[in-house]
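Below is one structure, written out as structure tokens, with a few remarks after it.
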Amino acid sequence: MENDSKNIIDRLRQKIVNCRLSIVNCVVVVLVIAFLVWFSLPKYPFDAPYSLVVTDSSGNLLGAKIADDGQWRFPQGDSVPYKFRECIINYEDKRFWHHPGVDLLAIFRAAWLDIKNGHIVSGGSTITMQTVRLSRREDRTFFEKMIEAFQAVRLEVRYSKDEILQMYAAHAPFGGNTVGLETAAQRYFGRPAHTLSWSESAMLAVLPNNPSLIHLSRNRDALQAKRNALLNSLLESKIIDDETCFLAKQEPLPTSPKPYPQAAQHLVARIAERKSNYGKPVRTTIDFRLQNRTREILARHARTLRTDGIYNGAVMIMEVNTGNVVAYVGNTDAIEGRDDGNDVDIIPAYRSTGSILKPFLYCAMLSEGELLPNTLVPDIPMQISGYMPKNYRLTYDGAVPANKALARSLNVPAVKMLQQYSGEKFIHILKKLKINSVDKSADYYGLSLILGGCEASLWELCGAYASMTRSLRNYLTHNNMYSPDDYHLPNFYYYNNDNHSKSADLDAHSFMTAGAIYYTLKALTMVERPEDESSHDSFGSDRVVSWKTGTSFGFRDAWAIGVTGNYVVGVWTGNADGEGRPNIVGIKASAPILFDVIKLLPRSHQDLQMPYDDLVSVTVCKKSGHVATENCPQTEEMLVPLAGVNTRSCPYCQTIHLDPSEQYRVTADCESPENIVHRKWFVLPPAMEYYYKQHNSDYRVLPPMRPDCNRNADSDLPIQIIYPESNAKIFLPKGFGGERQRIVIEATSRIAGNRLFWHIDDRYIAVTQDIHNISAELPAGRHLLTIIDQNGNSVSRRFEVIDK
Ligand SMILES: [Zn+2]
């Protein structure tokens, strides 16, 4: 008996000890669990990879790329749209705003329903618990459900209800590999979620718990029934009224999923290269409407261009004042069954520049006082170290005002100008314009640099045209100061204004002065526009457009870039693989696209304004465009860039002395001074004169010296050889039959009707009158050309024919 009671006491004691141990155990376990729960929840519970989502400046989707795990999962938005929020709360978790993450009432109700029905009909999970579940993606066990409940409470502590709803909306499944509300809104309705109707929002709200319903063909009726039940429930809760409910139920379900937009696929691909762009929507500066209309214009022209064997093209539009790109069409659309390199984004690609750099040279020379706007530039055959630049139309004008040479894109004057300015200095200017692709030495490019001997991208070129225009505009608003910040490349990321980095100090000087930029843009308004085939009107003739075309060697690249109002438009056409075609010419292939795109743009009152404070009035020679001398017959006052006062004065005009009939020139040796008539005369050197007088009927040739008067030797010789130049090395290619091409030699005489006798290597070749050119077949080696006229005047010149 005693033993029994002793045993009982021992057992009891043992139980108490066990019990104490298990309380300690329990507390430890609870603490460990609490600790684990607390720290097992990362700051942000989701670590899923997201799709790349690119929008325009107003949030319209331009394009998207699938996430790394093969899901379409758009990044989380800033808010959940009101209609979807009401729908999802009504459908999933009516007491969402009031529970602490776990809804005991709902759990009891669910348990009661489950018991009553004998199987699980309701989960009793809150939106918060479902959010946790979406982030954990674990099997649904009882233990897991406990953790979800714990973490749901934890989530409620750390985040606001709105934030939890955003997380849920962004990660909920909407059928197939469509994850998140924004993704689903685009996928099923092709619109952002905030634009969805009650009916559309309700349809999406029933999906996360029944994602398979989205098989739009198979489960159509079931999905519609669920949607309508939810709409009825919204009506009961007085969230919508009768009429809204009735109309919403009439809306049909979407018929099929929509492809994600591909409005700017090359830009999206460019943005996709930066991995940091995934995770939140990338808002670009693109204007969705302009982007699409620009694509349509390019597509329309592409159909015509294809008939000429031109398969690629690119267009970009940017704003001058911000540098923001508003349209970015990197290539033409692919045609089914063909691979024409349409994936290549042409906009950043380096292509041969043709003439598109010429305005920068003109502007730099005006800025530095190497030219006045209308200064005559020689336009005659020339040869520089074996290189013979030709004008596009293969004719010469003798001499052309620099602004017209630019507007007409004449090659010889451009080369002469670069020769005067220096290639090295010009490359330096291009760097300041952020055309960084021209990165080799001046020797490497030679003088062909100005004719397309280098490469640049549409991106850089549009940026440079915009920078110059911006600098002129800001000069006028910055109280005659320049900002070095005005020169930058275009940008397509959307920045808030307060994000801008510290701006550089304003400067009273710039490498391109306001006056020079003004005259450059003004010269470019004179470029002859293409004819509109339908109306035979000049394209956009009612707008001020400063623009320039370019065509590369071998007809591989056709450029057209225009500045109008607050916009720069750039167009390139050609073949991505570099194949040349005869119609790959700036004015034919690209200019019509340029002017069609310009028609899309709002008109501006910001057209070219004269920067008076950067201009100075100078008396210039009307004939030569140089600063006038006392010998210039006609002069005019002109506003020129400040540096222009230092330019060379007119080298052409002279005061000549005539006999009383004014038919002959005389000197004091052969005419009495009181009979001599003094006249101011514009005289070009013979080679320039030869071509100039053919295009300028008012040009008056210098009257001949009266026969009885002494003649000054050389400068007055009535014959001059135009081509070849002295000591020229000439390569004459051989034809298919092995015969060498003939050389064409040109000379000119001041005396009308003069007969010239031609000799090569002291052998008589021909005689000419009026038109003085001959062609001859010559072997390789050195040759001597001698021309003697009927009066015995003679000129000679050595040159060499070389084998390559
Ligand atoms: Zn003059």
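Ordering 192, 59, 458 by Cα displacement along the dipole of the chain toward the positive end leaves 192 in first place; charges were set at the Cβ atoms of Lys, Arg (+1) and Asp, Glu (-1). Computed about the Cα centre, the dipole magnitude for the chain is approximately 2240 debye when only Lys and Arg (+1) and Asp and Glu (-1) carry charge, each at its Cβ.
Per 0.36 nm of contour for each residue apart, how much would the distance between residue 108 and residue 43 grow if the chain were fully extended, relative to their Cα-Cα spacing?
Result: 20.3 nm gained on full extension.
The relative contact order of the chain comes to 9 percent, based on Cα pairs under 8 Å that sit 6 or more residues apart.
One equal scatterer on each Cα of the stretch 378-522, no solvent, Debye formula: the resulting log10 I(q)/I(0) at q = 0.11, 0.15, 0.16 Å⁻¹ is -0.51, -0.88, -0.98. Against the longest alpha carbon principal axis of the chain, how many degrees, from 0 to 90 and to the nearest 10, is the axis of helix 2-40 turned? Relative to the chain, helix 2-40 is tipped by roughly 20 degrees. Each of residue 269 and residue 480 was given a label point 7 Å from its Cα along the Cα-to-Cβ line. The distance between the two points is 5.1 nm. Treating each Cα of the stretch 265-336 as an identical point scatterer and summing with the Debye formula, the log10 of I(q)/I(0) at q = 0.12 Å⁻¹ comes to -0.40. Ligands, DNA and RNA excluded, the heavy atoms of residue 30 present near 90 Å² of accessible surface to a 1.4 Å solvent probe. Of the whole protein surface, residue 657 contributes about 80 Å² of accessible area at a 1.4 Å probe radius. The Rg/Rh ratio of the stretch 546-586, with both radii computed over alpha carbons and Rh defined as the Kirkwood radius, is 1.07. Listed by chain and number, the lysines whose C-alpha is less than 19 Å from the C-alpha of residue 440, apart from same-chain residues fewer than 8 away, are 358, 425, 431, 432.
Note on residue 744 and residue 654: the extension gain reaches 29.1 nm, defined as 0.36 nm multiplied by sequence separation minus the Cα-Cα distance. Put simply, the amide H of residue 664, placed in the peptide plane, has neighbours under 5 Å in 659, leaving out anything fewer than 5 places away on its chain.
Within the same chain, lysines fewer than 8 places from residue 622 are excluded, and of the rest, those with a Cα less than 17 Å from its Cα are 404, 680, 693. Taking R0 as 35 Å, what's the FRET efficiency between residue 258 and residue 308 from their Cβ-Cβ distance, rounded to 0.05? Computed FRET efficiency for residue 258 and residue 308: 0.50.
Each helix, a run of at least 4 DSSP H residues, gives -39500 (n - 2.57); summed and divided by the residues of the chain, these come to -10000 deg cm²/dmol at 222 nm.
What's the longest bit of the chain with no exposed GluC sites (Glu not before Pro), using DSSP loop states and at most 15 other Cβ atoms within 10 Å as the test? Longest gap between qualifying sites, sites excluded: 337-527. To put it simply, the accessible area of the chain at a 1.4 Å probe is 51 percent carbon and sulfur.
Counting only chymotrypsin sites (Phe, Trp or Tyr not before Pro) that DSSP places in a loop and that have at most 11 other Cβ atoms within 10 Å, the longest clean stretch of the chain runs over 98-735. What fraction of the Cα pairs in the chain, stated in percent, has a spacing above 53 angstrom? For the chain, the fraction of Cα-Cα distances above 53 Å is 39 percent. The reciprocal of the average 1/r between distinct C-alpha atoms defines the Kirkwood hydrodynamic radius, which for the stretch 546-661 equals 18.2 Å. Please state, rounded to one decimal and in Å, the Kirkwood hydrodynamic radius that the stretch 338-383 gives when every pair of distinct Cα atoms enters the mean of 1/r. Kirkwood radius, the stretch 338-383: 14.4 Å.
In order along the stretch 343-350, phi translates into HN-Hα couplings of 6, 5, 7, 6, 4, x, 6, 7 Hz, rounded to whole numbers, per the Karplus curve 6.51 cos²θ - 1.76 cosθ + 1.60 with θ = phi - 60° and x for Gly and Pro. Principal semi-axes of the equivalent ellipsoid, √(5λ) from the alpha carbon gyration tensor of the stretch 665-804, are 35, 16, 12 Å from largest down. Roughly what % of Cα-Cα distances in the stretch 437-522 sit above 14 Å, to the whole percent? Everything past 14 Å amounts to 71 percent. Only Lys, Arg, Asp and Glu carry charge here, each on its Cβ (+1 for the first two, -1 for the last two); on that basis the stretch 74-171 has a dipole of about 140 debye about its Cα centre. Here the stretch 44-151 is treated as a sphere whose radius is the Kirkwood value from Cα pairs; by Stokes-Einstein at 37 °C and 0.692 mPa s it diffuses with a coefficient of 200 µm²/s. Projected onto its three principal axes, the C-alpha set of the stretch 626-713 covers 48, 30, 24 Å, listed from the longest axis down.
To one decimal place, what orientation-averaged projected area in nm² is obtained for the convex hull of the Cα set of the stretch 107-255?
Taking the Cα atoms of the stretch 107-255, their convex hull projects to 10.2 nm² on average.
Relative to the longest principal axis of the Cα atoms of the chain, the long axis of helix 458-477 makes an angle of roughly 80 degrees. Once the gyration tensor of the Cα atoms in the stretch 210-367 is diagonalised, the equivalent ellipsoid follows with semi-axes of 48, 21, 15 Å, ordered largest first. The figure for residue 717 is an accessible area of roughly 40 square angstrom, using a 1.4 Å probe on the protein chains alone. Our estimate of slack between residue 752 and residue 136, defined as 0.36 nm per intervening residue step minus the Cα-Cα distance, is 211.9 nm. Taking the square roots of five times each eigenvalue of the Cα gyration tensor of the stretch 64-126, the equivalent ellipsoid has semi-axes of 31, 17, 10 Å, listed largest first.
With Cα atoms as the point set, the stretch 188-252 shows a radius of gyration and Dmax of 11.6, 32 Å.
Could you order 529, 227, 95 by accessible surface area, starting with the largest, using a probe radius of 1.4 Å?
Values: 529 40, 227 0, 95 90 Å².
Largest accessible area first, the residues go 95, 529, 227.
For the chain, the longest principal axis of the Cα atoms and the long axis of helix 142-158 meet at an angle of about 60 degrees.
The values are calculated or read from the model by the stated rules, or taken from the named source; none is laboratory data. This structure is a prediction, so every number in the text was calculated from the model and none was measured. Backbone-built Cβ (ideal geometry, glycine too); neighbour counts: all protein chains shown. These accessible areas exclude ligands, DNA and RNA; they are computed on the full protein's heavy atoms, side chains included. Shrake-Rupley method; radii C 1.70, N 1.55, O 1.52, S 1.80 Å.
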